[in-house]
Amino acid sequence: MDLVQQIIERAKSNKQRIVLPEATEERTLRAADRVLADDVADLILIGNPDEIHALAAQWGLTHIDKATLIDPENNPKSEEYAALLTELRKKKGMTIEKARELVKNPLYLGCMIIKTEGADGQISGALSTTGDTLRPALQIIKCAPGISCVSGAMLMITQKPEYGENGVLVIGDVAVTPMPDASQLAQIAVCTAQTAKSVAGFADPRVAMLSFSTKGSASHEVVDKVVEATRIAKEMAPDLHIDGELQADASLVPSVGAKKAPGSDIAGRANVLVVPCLEVGNISYKLVERLGGAVALGPILQGIARPVNDLSRGCSVDDIYKMVAITACQAMDAK
């Protein structure tokens, strides 16, 4: 069974309630029908129910009735949500009038449903920007305890079983924080290791903090940042298997790791790679994907108290289906 199927089966084993706030968008509704047909998750679809039913009939979707439909314009909990949003954001000048308008926005409404424990996670982005997806999540659900920055991990499924976890690696951050400081980089390491456990199913995440230096082979302030981040991450998660700074080859190839970092229990055995900045992460995974033929799955947003994931506006039905399963796996671990 490949990794994607393992993720889907894990989601099926403990069904979570996932919100799709862009439910009248064709790819989203088609993916929802497939999720419901396969019993991967319980879905909450936000949109006008008459329109959703009409679109489902038009496209021959026969399982949408299994979902919970919520009309943002006629929601009996609107006033309750508006009052809570006003309280959550009162220090930022939120008024009840503004809150009443915001809770009609499907992205805000979905986050309010999660905040009040009516759902376990949310996925959007087929129509919305990353900023629009993240803004309500950070305002309402907020970051997980001990975390102050959001990041994005990518699952890399390669044809090289000698590397990572039978050819699978998890890389972070590839999506959100452009230039993390040492504290943020440590948080990214801890969160990426957690994603490796909850989504990729790694029993033993082994984290390499990547740099252009291995154990002092070069001297530079960006190397110092990685060394400091490694120290902080060990304090944050004492049981985490982590080492750095390590070059990429030293982290993945046993013979190179043994030569460059003798005594390290991560060198040559890493299955989680944490890059020093977003630029490196984004470039790296795309090169591995295009030149190395790896399958890139994600990005998977991490660091939020409950999972809220962002899709590319060019996403496919299959992308959305897989992200529902991924979000469900994250939700199990976030409870």
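The values are calculated or read from the model by the stated rules, or taken from the named source; none is laboratory data. This is a predicted model, so every value here is computed, not measured. In this analysis, Cβ positions are derived from the backbone assuming ideal geometry, glycine residues included, and neighbour counts consider all displayed protein chains. In case anyone asks, the SASA skips ligands and DNA or RNA and just uses the protein heavy atoms, side chains included. Shrake-Rupley method; radii C 1.70, N 1.55, O 1.52, S 1.80 Å.
Table for the structure above
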{"item": "Inter-probe distance in nm under a simple model that places probes 7 Å from Cα toward Cβ, at Cys277 and Asp38", "result": "3.9 nm"}
{"item": "Å² of accessible area per residue within region 1-78, as computed with a 1.4 Å probe and no ligands counted", "result": "47 Å²"}
{"item": "Relative contact order, percent, the chain [alpha-carbon distance under 8 Å, six or more residues apart]", "result": "23 percent"}
{"item": "Helix-only [θ]222 nm of the chain, DSSP H runs n ≥ 4, -39500 (n - 2.57) each, per residue, nearest 500", "result": "-13500 deg cm²/dmol"}
{"item": "Carbon/sulfur fraction of accessible area - region 260-335, other protein chains in place, 1.4 Å, %", "result": "52 percent"}
{"item": "Percent antiparallel among DSSP beta bridges (both partners in the chain, rounded to 5)", "result": "35 percent"}
{"item": "Size of electric dipole in the chain: Cβ of Lys, Arg +1 and of Asp, Glu -1, about Cα centre, debye, nearest 20", "result": "520 debye"}
{"item": "Stretchable slack from Thr62 to Glu87, in nm (0.36 nm times residue separation minus alpha-carbon distance)", "result": "4.9 nm"}
{"item": "Peptides 206-215, 317-326 ordered by average Cβ neighbours within 10 Å, highest first", "result": "206-215, 317-326"}
{"item": "Computed over region 58-115: relative contact order in percent, which uses C-alpha pairs under 8 Å that are six or more apart", "result": "33 percent"}
{"item": "Region 142-229: GluC sites (Glu not before Pro) in DSSP loop, at most 12 other beta carbons within 10 Å", "result": "Glu162"}
{"item": "Cα-Cα over 22 Å, subset of Lys215/Lys286; Lys234/Lys259; Lys286/Lys322; Lys12/Lys197; Lys142/Lys225; Lys142/Lys286", "result": "Lys215/Lys286; Lys234/Lys259; Lys142/Lys225; Lys142/Lys286"}
{"item": "Distance from region 205-281 to region 114-166 (C-alpha centre basis), Å", "result": "24 Å"}
{"item": "Ellipsoid equivalent to the chain - semi-axes via the Cα gyration tensor, in Å", "result": "38, 23, 15"}
{"item": "GNM top mover of Ala41, Ala270, Ala83 - the chain, alpha-carbon springs below 10 Å", "result": "Ala83"}
{"item": "Accessible surface of region 1-128, 1.4 Å probe, proportion on carbon and sulfur as whole %", "result": "46 percent"}
{"item": "Gained length - Met179 relative to Ala54, 0.36 nm times residue gap less alpha-carbon distance", "result": "40.4 nm"}
{"item": "Residue of Arg17, Arg306, Arg34 that the Gaussian network model of the chain assigns the largest fluctuation, springs spanning Cα pairs under 10 Å", "result": "Arg34"}
{"item": "Dipole moment magnitude, nearest 20 debye, region 158-248 about Cα centre, only Lys, Arg, Asp, Glu C-beta charged", "result": "160 debye"}
{"item": "Protection proxy ranking of 296-302, 117-123, 56-62, 151-157 - average other beta-carbon atoms within 10 Å, highest first", "result": "151-157, 296-302, 117-123, 56-62"}
{"item": "For region 214-311, accessible area per residue (1.4 Å probe, heavy atoms of protein chains only), Å²", "result": "47 Å²"}
